[in-house]
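The values are calculated or read from the model by the stated rules, or taken from the named source; none is laboratory data. A quick note: this is a predicted structure, and the numbers were derived from the prediction, not measured. Every residue, glycine among them, receives a Cβ derived from its backbone with ideal geometry; neighbour counts consider all protein chains shown.
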Amino acid sequence: MTSATEIEFRPARFDSGDGAMLAQAMREEMSVIYDGLNMDAWHMSAATAAGLEPPHGTFLVGYEDDEPICCGGVQRLDEDHGELKRMYVVPRARGRGVARQLLGALERAASELGYSVARLVTGPRQPAAQHLYESEGYAAIENFHEDGIASFFGEKPLR
C-alpha cells in the first residue's frame, strides 16, 4: 500500500465540471453495490447543488497531481449540524489514505461553515466506510433523517 500524496482540495460545483463527473461515478458505483439504487430517488437523503453551496454548504474536489480523485460535500441540517454528503474516492486512489484526507477536509469545511457537529450516514454494504468513520471518532446515533439504505448514522463534535 503506497501512501497518498498530499491532496489539494478545491471548492467545486456538484452539478458541473469535475464535481459532477465524480458525483456521477459515485452514483453509478452505488447503483452496482445496492442493486440498481437511484441515489436521487425520493426516499434517499437529498443532496442538491444548492444545498452544497455557500453560505450553508460546500462541495470539494480533491486533486492529486492535478487529477480529480475524490469528492464530498457539506450540507446544512440545522444551525449546529452539518451533514457530510456524497463522499467518493476513485478506485485507483483507494487504499492510500485518500478517504481519510477527504474526511478531514470536509470536517474542516464544516467547522469553517460554523457547524459544531458533523453527521454522516453509510449503508450496510460499505463496511470500509463505516470502519473509517468510527476510527475517526464518529459515534453511532439514532437515524436523523429518512434514507432508503443507510444502516450507520454517525456524529462527531468538531470543536
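Summary table
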| read-out | value |
| --- | --- |
| Residue match in region 49-68 (condition: modelled with pLDDT under 95, within 26 Å of residue 34 (Cα to Cα) and touching a strand residue (DSSP E or B) at 6+ places or on another chain (Cβ under 6 Å)) | yes |
| Where a residue in region 1-17 is in a strand (DSSP E or B) and surrounded by 15 or more Cβ atoms within 10 Å (Cβ to Cβ) and its partner, wherever it lies, is small (Gly, Ala, Ser) and modelled with pLDDT of 95 or more, with Cβ under 6 Å and at least six apart | 9/62; 9/105 |
| Any hit, region 98-118, residues being farther than 22 Å from residue 11 by Cβ and of a type in the set (D, E, K, R) | no |
| Residue match in region 120-134 (condition: over 16 Å from residue 152 (Cα atoms), at pLDDT 95 or above, aromatic (Phe, Trp, Tyr) and surrounded by 18 or more Cβ atoms within 10 Å (Cβ to Cβ)) | no |
| Region 44-64, residues that are part of a loop (DSSP other than H, G, I, E, B) and of a type in the set (Asp, Glu) | 53 |
| Residue 114, sole failed condition from (1) in contact with a Pro (Cβ under 8 Å, 6 or more places away or on another chain); (2) of a type outside the set (Phe, Trp, Tyr); (3) within 16 Å of residue 79 (Cα to Cα) | (1) |
